[in-house]
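The values are calculated or read from the model by the stated rules, or taken from the named source; none is laboratory data. The shown structure was predicted, so the numbers you read here are calculated from the model rather than taken from an experiment. Quick reminder, even Gly has a Cβ in these numbers, built from the backbone with ideal geometry, and neighbours come from all protein chains shown.
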Amino acid sequence: MIDAFSPYVAWRYLLTRRINLLAVGGVMFAVWAILLVDSVFTGFVSQIRSDVRASACDLMVTELPHDASYEALRAAIEADADVVATAPRLRHHGMLQQVRVRAGSARNQGSSQVDFDHTANGFALLIGIDPAREEAIGGLRQWLVRGPEELAQRYPGDFWPSPALDETDAGRKGRLAMPDADEWRARRRAGLAHEPDVANQRGAWPGVLLGWQRIRRLGWFARSEPFDVVCASFTGGDGDAVLHTHSARVGFAGVFATGSRAADEGMALLPIETLRTMLGHDAADPGSVDVVTDVAVRLRPGLGAAAVAAAGARLRDRVNAALPPGSPSCLVADWEQQNVTFLSAVAHEQGMMQFVLFVVMLVAAFVIYATLHMMVVQKVKDIGILAAIGGSPRSVGAVFLLGGLAVALFGTALGLGVGVLSAANLNAANEWMYANFQLELFPRRLFDLREVPCRLEPSWAATVAVGAIALAVVVAAVPARKAARMNPVLCLAHE
Amino acid sequence: MNETALQAVAVHKRYRLGRQEIPVLRGVDLAVARGETVALLGASGAGKSTLLHVLGLLDAPSAGEIRFDGRRVDDLPVRERAALRHRHVGFVFQFYHLIPELTALQNVLLAQMMAISPLAYWRVRKQARADAEAMLERVGLQDRLRHRPTELSGGERQRVAIARALMASPQALLADEPTGNLDSHTAAGVCELLFDIQRQRGLALLLVTHDEGLARRCHRTVRMKDGVVER
Ligand SMILES: Nc1ncnc2c1ncn2[C@@H]1O[C@H](COP(=O)(O)OP(=O)(O)OP(=O)(O)O)[C@@H](O)[C@H]1O
Ligand SMILES: [Mg+2]
């Protein structure tokens, strides 16, 4: 127990010594900074996660043999009671180039220069999709709505939403085909063969969907503007492999935004049959396989994490059983596993950030320590006086401990208040700073965000508050102990 | 009247300075009874202040015993010694030793906040305040309650210190040259007050002084030399 004078004297010291304001301010700043920066970070992370979640399917069957057939797997997978839909995916690396550019300029001809900017030079991760099945998986339509929105947020212009999914004819929808008149105009503009009369033009081009980040670099294209898609493969081996290139002409069918920057830069979506044909598996060929590299799976809604994991294990067994004997096992990944490197990088970054903020808190704690230590040194005589009139060493020490505690309490309370207020008004403040001082504290354009996502978790605020106060008490205990251990007689003699 | 309020029995006090031991008190025997005033004289460095501190439990003796009301107290736990220091003795120092941040009233109130929990004090705070005001009135400072030490004269400061020393109704007053820093006129006033209160309350008063005149007003005079009491 402590004596009544300890809080009293501590309080009096606080009121009369302005240096304590510095410590209060330090704690306040640290608490504020931790709350604000971390809630922005939490906001970012949760936004990133929800974006990633939205662009990932429930389960992805992947690491399939190179000639896996979709129909065989579909039957195996859809036999599971929890599976609602599946969609085939065929991944292959390739390039794409505007026909107009290749025809009109010699920009890349004869150049040995290597350009690693794959959005500008046309490298692409080609993903063959079945649009109708993708719609059953979810996501694709939303991506195609968000694509033009993302561009319209940033650039003036008329960004049309892709009509490809609204196509009523199943065959045309499967090819992501654009209206015939669009193709006719595109052919004419590019100087390609076209019917004299637009009414007679029959569209031949499958459509390609490009990510908005690529469009941002390349510029917006007219409907059905032709691209050539190229991919390459080797046959043979043992030192005399032959390189085969395959190409197809496609029309620009729209822009998508998945929320994942890598996908929005690098991915190009095209009809799976187009890509199969390029890879030598044209549906019309005898002996062709409806090849897939991955199968996207949609599960019954409302399944918990455990049920999803169980479904994943079941699907892996079903698919393995359906694969030819001796094939290596496939992998079934949930949405987090599909993006494990990205998500763990983000989590790691948040951890680093919290560490940096903890250092800020340590600095504030050091300010408390320094002011209290100074106080003990300056108040040596008072320590002797308090002892002489009956203060026990513990209560004398408590004066300084309580001083530190009070500083921490005030600083934390102020920091919490200011932190909550500024988290709530972050976007308004950001706008205001920008409007009045051209200063952007949180440059959301840098992160391609419409507004700064900010999420203040009450549990985090509580952790920070308790941590700040506990740290202050620990730090204040050092000068308090020093004060308690002083010899009162020497203190009184102190000049 | 003859109960010994305060007693030192064969008290030794040595200070260690590096490897050297400096004996400051070398077997001091001294008793002060209730209602008795004792003047402690001696050359500078004789050990008077040291004896006062040891007697008031502010410092521990190296050997020997301190007794309050005949009971040994120097071997009590630190917390109990602090409580006894509060309840049993009051210190008055040459340099007043008031806390500069606190007003006269607050400095006196401080003595009420010793050996009591914050909650217990909270319940009696009104009474404590009234008592402190009454005590300041008793020492003639009813108009100086809200003055800080720096806003008080030396004599007034010493009155505040006396009020503070009396607040817990101790049985003994230990005054270390209480007038050593005051002009003779002010000193006379402070001494008058001190003796007045001593008589009124029947306190044991041990008064360290260099003033023979003041010493003669005490019942007894004790002289110290080189850490021992001269017989
Ligand atoms: N903490 C200490 N360490 C070492 N020596 C000390 C200590 N405190 C006091 N002394 C020594 O003890 C001796 C007695 O000191 P004390 O203050 O008791 O003398 P005093 O009789 O009160 O003198 P004065 O009349 O000048 O006040 C002195 O020689 C002093 O140097
Ligand atoms: Mg002295």
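Per-residue answers, yes or no, for (1) among the acidic types (Asp, Glu); (2) at pLDDT below 90; (3) within 30 Å of B:ARG71 (Cα to Cα):
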site	(1), (2), (3)
B:ARG138	no, yes, no
B:GLU156	yes, no, no
B:ALA163	no, no, yes
B:LEU182	no, yes, no
Exercise for the section: Return yes when B:HIS86 is closer than 30 Å to B:ARG125 by Cα, buried (at least 20 other Cβ atoms within 10 Å of the Cβ), touching a residue at least 40 places away in the same chain (Cβ under 8 Å) and more than 16 Å from ligand 2 (Cβ to nearest atom) and no when it is not. Expected result: yes
Exercise for the section: Kindly indicate whether A:ASP240 is modelled with pLDDT under 90 and out of contact with any Phe, Trp or Tyr (no Cβ under 8 Å at 6 or more places or on another chain). Expected result: yes
Completion exercise
(1) within 16 Å of ligand 2 (Cβ to nearest atom); (2) farther than 20 Å from B:VAL222 by Cα; (3) without any contact (Cβ under 8 Å) to a residue 40 or more places away in the chain all hold for B:GLN20 apart from (1)
Exercise for the section: List every residue pair whose Cβ atoms lie under 8 Å apart, where the two residues are 6 or more positions apart in sequence or sit on different chains, the first residue falls within the stretch B:95-124 and is under 27 Å from B:SER49 (Cβ atoms) and more than 7 Å from every other protein chain (Cβ to nearest Cβ), and the second residue, located anywhere, is of a type in the set (S, T, N, Q) and in a helix (DSSP H, G or I). Expected result: B:TYR96/B:GLN158; B:LEU98/B:ASN107; B:PRO100/B:THR150
Exercise for the section: Name every residue in the stretch B:174-231 that is under 24 Å from B:LEU152 (Cα atoms), among the acidic types (Asp, Glu) and away from ligand 2 (no atom under 16 Å from the Cβ), in order of residue number. Expected result: B:ASP183, B:GLU192, B:ASP196
Exercise for the section: Test A:VAL319 against the criterion of being under 22 Å from A:ILE127 (Cα atoms), within 24 Å of the chain's Cα centre (by Cα) and touching a residue at least 60 places away in the same chain (Cβ under 8 Å), and give yes or no. Expected result: no
Practice task
State whether one or more residues within the stretch A:160-182 are among the aromatic types (Phe, Trp, Tyr), in contact with a Leu (Cβ under 8 Å, 6 or more places away or on another chain) and in a loop (DSSP other than H, G, I, E, B).
Solution key: no
Practice task
Looking only at the stretch A:18-60, count how many residues are within 14 Å of another protein chain (Cβ to nearest Cβ) and without any contact (Cβ under 8 Å) to a residue 60 or more places away in the chain.
Solution key: 1
Completion exercise
(1) crowded, with 16+ Cβ neighbours inside 10 Å; (2) free of Cβ contacts under 8 Å to residues at least 40 places away in the same chain; (3) touching a helix residue (DSSP H, G or I) at 6+ places or on another chain (Cβ under 7 Å) all hold for B:ASP211 apart from (3)
Practice task
State whether one or more residues within the stretch B:71-92 are within 15 Å of A:VAL489 (Cβ to Cβ), within 16 Å of ligand 1 (Cβ to nearest atom), of a type outside the set (A, V, I, L, M) and within 13 Å of another protein chain (Cβ to nearest Cβ).
Solution key: yes
Completion exercise
Here the qualifying pairs (Cβ atoms under 7 Å; residues six or more apart or on different chains; first in the stretch B:48-62 and more than 10 Å from every other protein chain (Cβ to nearest Cβ) and within 20 Å of B:ALA83 (Cα to Cα); second part of a helix (DSSP H, G or I) and within 13 Å of ligand 2 (Cβ to nearest atom)) come out as B:PRO61/B:VAL54
Completion exercise
Condition set of a type in the set (Gly, Ala, Ser) and closer than 12 Å to B:ALA163 by Cβ, scope the stretch B:125-134, selection nearest to the other protein chains (Cβ to nearest Cβ): answer is B:ALA132
Exercise for the section: Could you pull out the residue among B:LEU55, B:LEU41, B:LEU30 that is closer than 20 Å to B:ARG220 by Cα, crowded, with 22+ Cβ neighbours inside 10 Å, within 16 Å of ligand 2 (Cβ to nearest atom) and modelled with pLDDT of 90 or more? Expected result: B:LEU55
Practice task
Of the conditions (1) more than 14 Å from every other protein chain (Cβ to nearest Cβ); (2) farther than 30 Å from A:ALA311 by Cβ; (3) surrounded by fewer than 20 Cβ atoms within 10 Å (Cβ to Cβ); (4) at pLDDT 85 or above, A:LEU15 clears all except one; give me its number.
Solution key: (1)
Handout entry: Spans of helices (runs of 4 or more DSSP H) in the stretch A:255-371 with at least 1 residues over 23 Å from A:VAL61 (Cα atoms) and charged (D, E, K, R)
Key = A:261-266
Handout entry: helices (runs of 4 or more DSSP H) wholly inside the stretch A:373-491 containing at least 2 residues that are modelled with pLDDT of 90 or more
Key = A:380-388, A:393-424, A:458-484
Exercise for the section: Tell me, yes or no, whether the stretch B:135-151 has at least one residue that is among the hydrophobic types (A, V, I, L, M, F, W, C), surrounded by fewer than 17 Cβ atoms within 10 Å (Cβ to Cβ) and within 14 Å of chain A (Cβ to nearest Cβ). Expected result: no
Problem - Condition met for A:LEU96 (modelled with pLDDT of 80 or more and in a loop (DSSP other than H, G, I, E, B)) - result: no
